[in-house]
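Novice: Sharing a structure here in structure tokens format.
Quick note: the coordinates plus some simple rules give every number you see, no bench work behind them. This one's a predicted model, so the numbers in the text were calculated from it and none came from an experiment. Cβ sites come from the backbone with ideal geometry, for glycine too, and all protein chains shown count toward neighbours.
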Amino acid sequence: MNKYLELGQIVNVKGLKGEVKVNSFTDDNTKFERISKVFVKQKNTLTEYEIEKVGYNKNQVIIKFKNIDTIEEAEKLRNSYIIVDREIFGELPEGVYYIADLIGLDVYTESNEYLGKVDDIFQTGSNDVYVVKDEKGKEKLLPGIDEVIKKIDLKENKITVNLIKGL
């Protein structure tokens, strides 16, 4: 399990005073309001920044960092990632997982047939969809519903699923 979580990607600047536009990776954009400091990951370097202000524009988060006061300074942060220590948010409730922790898990049917690894998870609104990729690169899409996802075991690095009719 990774010590850090990616909360979003800085994709552009906004205005002339150093604000940046962030595509959020979280299901609740207001999480940014509860954080005072973050790391910005550029290449393989983490630099700590203090958040001065958080706002919203459509489905993006607008962040103003302290000491980033010009469009030129903000532009240098484009395409970097906002990282936080996972401990900031505390323990998750039972049965709730960070997507980052599920990527790469082995997926097996209830009869122990190996299907592949979780390659991606995307949110559709009604439920998550797990993208499971086998060794040949073939993808299988599994709805993240209780009827299909039977057990997630982070210690065993394994998800057990029930392939309902149609999958």
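Novice: Treat every Asp and Glu Cβ in the chain as -1 and every Lys and Arg Cβ as +1, leave all other atoms uncharged, and give the resulting dipole magnitude about the Cα centre to the nearest 20 debye.
Specialist: 520
Novice: Whose amide H sits under 5 Å from the amide H of Tyr4, counting only residues 5 or more places off or on another chain, with H placed in the peptide plane?
Specialist: Here Arg86 satisfy the definition.
Novice: How large is ³J(HN,Hα), in whole Hz, for each residue of region 119-131 in order, when computed from phi with the Karplus curve 6.51 cos²θ - 1.76 cosθ + 1.60 and θ = phi - 60°, using x for Gly and Pro?
Specialist: Computed from phi, the couplings for region 119-131 are 9, 6, 9, 10, 9, 9, x, 7, 7, 6, 10, 8, 9 Hz.
Novice: Another one. Taking only the C-alpha atoms, wrap a convex hull around region 4-88 and report its volume per residue in Å³ as a whole number.
Specialist: For region 4-88, the hull spanned by Cα atoms encloses 81 Å³ per residue.
Novice: Sticking with this one: What is the magnitude of the charge dipole of region 4-88 about its Cα centre, with +1 placed on the Cβ of each Lys and Arg, -1 on the Cβ of each Asp and Glu, and no other charges, expressed in debye to the nearest 20?
Specialist: Dipole about the Cα centre, nearest 20: 180 debye.
Novice: Over 30 Å between C-alpha atoms is what I'm after, so list which of Lys14/Lys133; Lys21/Lys43; Lys3/Lys133; Lys43/Lys64 land there.
Specialist: From Lys14/Lys133; Lys21/Lys43; Lys3/Lys133; Lys43/Lys64, over 30 Å: Lys14/Lys133.
Novice: Follow-up. With n ≥ 4 as the cut-off for DSSP H runs, can you work out [θ] at 222 nm for the chain, using -39500 (n - 2.57) per run divided by the number of residues, rounded to the nearest 500?
Specialist: Using -39500 (n - 2.57) per qualifying helix, the result is -1000 deg cm²/dmol.
Novice: Which option, [x] 58, 30, 28; [y] 62, 40, 31; [z] 52, 32, 31, is the value of Cα extents along the principal axes in Å that was calculated from these coordinates?
Specialist: Here the calculated entry is [x].
Novice: Work out the charge dipole of the chain with +1 on the Cβ of Lys and Arg and -1 on the Cβ of Asp and Glu about the Cα centre, then indicate which of Gly90, Gly18, Gln60 is farthest towards its positive end.
Specialist: After comparing all options, I get Gly18.
Novice: Next up: Among the trypsin sites (Lys or Arg not before Pro) in region 6-67, which ones are in a DSSP loop with at most 10 other Cβ atoms within 10 Å of the Cβ? Mind listing them?
Specialist: Hits after loop and neighbour filter: Lys43, Lys58.
Novice: Still on this structure: Where the centre of each part is set by its Cα atoms, how far does region 22-50 sit from region 152-166, in angstrom?
Specialist: 31
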